[in-house]
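To start, the structure under review is shown below, and the notes come after it.
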Amino acid sequence: MRMHIELNDDLVAEVDRLAGPRERSAFVRRAVIKALDDARRAEALRSSAGVLRESGPHEWDDDPAAWVRAGRHADARRAG
């Protein structure tokens, strides 16, 4: 699908410099995909904010670092 967007000359020049000849659309496509991924991640974080706080207490509350270390040592796929 084609889409009309407006960018200032300096921005287009920088895209052309980084993307290389005839790669403008592919560069913009990758940038939009990354921006959408970032926005979805931020949305997921916002929607889950505070969920754990309401369900406590947690086994990691006293010493989070020790809880993480124990989990790492319990995983046979990890070296060390």
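The values are calculated or read from the model by the stated rules, or taken from the named source; none is laboratory data. Predicted model, so just to flag it, every value in this text is computed and none were measured. Because the Cβ atoms are built from the backbone with ideal geometry, glycine has one as well, and the counts that use them run over all protein chains shown. With ligands, DNA and RNA removed, areas are computed over all heavy atoms of the protein, side chains included. Shrake-Rupley method; radii C 1.70, N 1.55, O 1.52, S 1.80 Å.
Among the residues of region 38-54, write down those that are open to solvent by less than 70 Å² (accessible area, probe 1.4 Å) and part of a helix (DSSP H, G or I).
Filtering region 38-54 down to residues open to solvent by less than 70 Å² (accessible area, probe 1.4 Å) leaves 38-39, 42, 44, 48, 50.
Once the filter is applied, which keeps residues that are open to solvent by less than 70 Å² (accessible area, probe 1.4 Å) and part of a helix (DSSP H, G or I), region 38-54 yields D38, A39, A42, A44, S48.
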*Counting only residues that are open to solvent by 80 Å² or more (accessible area, probe 1.4 Å) and farther than 17 Å from M1 by Cβ, which one in region 22-37 is nearest to the chain's Cα centre (by Cα)?*
K34
*May I ask you to list pairs of residues, at least six apart or on different chains, whose Cβ atoms are under 6 Å apart, with the first in region 55-80 being at pLDDT below 85 and the second being open to solvent by 70 Å² or more (accessible area, probe 1.4 Å) and assigned to a helix (DSSP H, G or I)?*
R78/R72
*Inter-residue pairs, beta-carbon under 6 Å, first outside any loop (DSSP other than H, G, I, E, B) and in region 16-27, second modelled with pLDDT of 95 or more and among the small types (G, A, S), 6+ apart*: F27/A19
*Yes or no: R77 open to solvent by 100 Å² or more (accessible area, probe 1.4 Å), part of a helix (DSSP H, G or I) and of a type outside the set (S, T, N, Q)?*
no
